[in-house]
Every structure is written in C-alpha cells, then in structure tokens.
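This report concerns only the one structure given below.
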C-alpha cells in the first residue's frame, strides 16, 4: 500500500470513528457501564465505554472517569497491567482524579501489575486523601499505623482514620479503635477503643465484635472476662462473621472459656470454610495434620493449607511448603520453594526466618544457599530481634563458613532466652557447640 493511500485509509478510519461517536450518547453509555460493572458484567461494560473514550464531546474530566471505569473493570477481572494503563490514561486527562490515584496506589501497595512499592503507594494515597477521597484517607491512616511506606506515627494515623471514620468508613473505625489498644498505643485507652468498635459494629462491621471479644479475653479492661469474650464470639458467629466462627472454634479447640471439644471446633471451622474464610483453612489444615477430632491425614492437611496459601495466607504457605518438602521428591520440592517465595514476598518476618533456616540447615545440598539465607535472616532480625531469629542468623553465617559471626549471634540469641525456656536454651546451646567446632548446623 502506497504512503498516500495509507494516509487516506487512516483519515477514513478516524472520520468513521468520529461519525460513529456522534451518533451515540456517550454520557448515557458511561452511566450504563457503571450499572454493568455493579452487575459484574465487565466485558460488556467495556463495550459501552469504548466509544466514549474517543468521543471529542466529552470533557477531560469525563474522559478521565471513563478511563478509570474501564481500568476498574480490568482490575475486577485480575487484569492488573491493563488496569494500570487505564488508570494512568485517566490521570493524563485529569491529574487530580482521586479515584484513579487511589486505584493506582492500591496496585503499588499490593504489587499488582507493578513491582510492589509501598512508599509510592503511600505518596499516591496521600495525594488522593488530600483531595478528600475517603478510602485514601483510610489507607494513609493505615500506613501510619503499620509503618507501610512511611514512618509509624500513631497520632498521624488517628488524624486520617478519624477523617475517614467521620465519613462512615467502617474499616477506618476498626483501625482507629486498634490505635488505642495495648501493643499499639503508648498509653492504651481501652474504653475509647471499645467506643469505636461499637460504632463500627453499628454500621455493619460484624467483625468489630470479634476484636472487642479479644479485648475481654486478653484482659485489656482489667481482669480477663472469658465469658464475655465467648458471648461476643458467639454473637459475631451467629451474625455470619467468618472471623467469629474461627475465633469461637479456637476457643473450643483450646478450651478457652468453654469446655474443650474438638468436634465442635471442627464444625465451626467447617462452617467458616464454607464461607471461604482464609483462617479456617489454616485451622482445618492443622487439625488434619495433627489428628485432632479426625484421623491424621497429611494429604487432607495439604488440601486445606493449599486453599489458605492460595488466598495469600503466609502461615498456610509456610506449613504447606514444609509438608511438601517432607515428601522428598523433586516435584514437591519445586512447589515448596514456590510457596516459600510467595510467603517471603509478603515481607513477613516469620516467612523470612523460616525460608532462611531451610536454606542454611537443609541436608539437601540442592536446597542450601548461604548468601540467600543470610539475606532473609537479616530481614527477619531487622523486623523482630528474637532469640529464634538470631538463631537463624547464626545458622546462615555458619553455612557461609563465618563461624566467628555465627558464635556471636548464637550467644546473643541465648542471652534473650528466659530461665523458664529450658528446652529452647538447650537447643540453642547444641547449635552453639556445633559452631564452636567450626561446623554448620544440619537438620
């Protein structure tokens, strides 16, 4: 095709598209797409949005909204790269579109379609929050509360969570309540926490009852009140809370506040599993692995751990990985390493520690990796300097032949063990004796 003919063809296509756009009502189509998205009919919604994206009659802000909606339709189907592209297009037309900014921040926060970067996510959430976006205000408060992408600052967290709470954001209310609890607040205010949990429950957050139940169970109001905690767990469970079912199940599993009953615990966990509650998968996996209320069955345990692992539950990913490694075959080993990788990607200290321990101490030469073990052991210790994590760090140095460092960190680990932790102390001393002989630990 000659150059002039290609130009004519291109102009013809543009004229056809413009003519087509002029015969439709893009405003109505955009609103129609909103209804279709709410119905879960995402592909059809995109069909209605397509003409609007090229309709010159729409303002820049309207076009930005159309791109955001299409981006959301992609996101709802886990097409994160396409969603990211449309969110960016929305911001090209309207840099101050708070919905698009918040959506893009979420992709960076969870690492969906982009490399996870919580600092970038925080900055985007903050911009949208300043524009009045309620969900972004919640996320900024959450970032300050957890130290995600910014330094922890409980007072700043409360400022942003309060703004979102005043707009009726229930998750903001529950996290605002948490900011007043022991372990988070420098000076706990349990009565204030209770007020916010009750407000969250009044707006439909049934799981707020579960959090309040744990406050009674932990004695945050003074003496522990197990009867009150069971009452609230039961109330939450009867209201359809998966967390309530799991928490009540754990009470029966351990005999906390009720007569111990593995059968009742199993029934509650199964009810929660029917509601796709991730924590229930972990509980059912544990009962199957150990043989509580049912015959011990490692294949059933793997099934439940795998379901939990697939929801992103790092504890389930780690338990599944260990069971797979015990199979002793190459296929299971490959899958195990994949689950370890997914667990450490969540940057959880326990995942870093367990992965590092495997890489440093495994009898399998194919699995051992000293440099990678040291990297993850250091990450775990940076997040939580415990005896167990220092023990792993020592093992990583020993695997690298760095026995002076291994001895140093093992002695630090022992210094953190209390007099009551006799078995742990004995185990750590065995490791130390091995390093004193200039040998790495194997198990």
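The values are calculated or read from the model by the stated rules, or taken from the named source; none is laboratory data. Remember, predicted model here, so these are calculated numbers, not experimental data. Reconstructed Cβ throughout: ideal geometry from the backbone, glycine too, with neighbour counts over all protein chains shown.
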Would you confirm, using the coordinates I've provided, whether residue 373 is modelled with pLDDT under 90 and either over 23 Å from the mean Cα position of the chain (by Cα) or not assigned by TED's automatic domain parsing to the domain that holds residue 443 (or both)?
no
Hey, could you check region 411-430 for residues that are in a helix (DSSP H, G or I) and touching a helix residue (DSSP H, G or I) at 6+ places or on another chain (Cβ under 6 Å) and say which is surrounded by the most Cβ atoms within 10 Å (Cβ to Cβ)?
413
Answer yes or no: is there a residue in region 321-337 that is assigned to a helix (DSSP H, G or I), without any contact (Cβ under 8 Å) to a residue 40 or more places away in the chain and under 18 Å from the mean Cα position of the chain (by Cα).
no
Just wondering, is there one or more residues in region 71-81 that are out of contact with any helix residue (DSSP H, G or I) (no Cβ under 8 Å at 6 or more places or on another chain), without any contact (Cβ under 8 Å) to a residue 60 or more places away in the chain and either farther than 30 Å from residue 342 by Cβ or assigned to a loop (DSSP other than H, G, I, E, B) (or both)?
yes
Which numbered condition residue 173 fails, given (1) without any contact (Cβ under 8 Å) to a residue 24 or more places away in the chain; (2) under 19 Å from residue 139 (Cα atoms); (3) crowded, with 20+ Cβ neighbours inside 10 Å:
(1)
In region 79-112, anything at pLDDT below 95 and farther than 23 Å from residue 164 by Cβ is listed as 111
Does residue 126 satisfy the condition of being modelled with pLDDT of 95 or more, surrounded by fewer than 19 Cβ atoms within 10 Å (Cβ to Cβ) and in contact with a helix residue (DSSP H, G or I) (Cβ under 9 Å, 6 or more places away or on another chain)?
no
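Residue by residue, here is whether (1) surrounded by 19 or more Cβ atoms within 10 Å (Cβ to Cβ); (2) part of a loop (DSSP other than H, G, I, E, B) holds:
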{"site": "86", "(1), (2)": "yes, no"}
{"site": "95", "(1), (2)": "no, yes"}
{"site": "101", "(1), (2)": "yes, no"}
{"site": "120", "(1), (2)": "no, no"}
{"site": "142", "(1), (2)": "yes, no"}
Checking the structure you have, find out if any residue of region 287-305 is out of contact with any strand residue (DSSP E or B) (no Cβ under 6 Å at 6 or more places or on another chain), surrounded by fewer than 18 Cβ atoms within 10 Å (Cβ to Cβ) and under 22 Å from residue 111 (Cα atoms).
no
Scanning region 245-263 for residues that are assigned to a loop (DSSP other than H, G, I, E, B) and under 27 Å from residue 189 (Cα atoms), which turns out nearest to the chain's Cα centre (by Cα)?
256
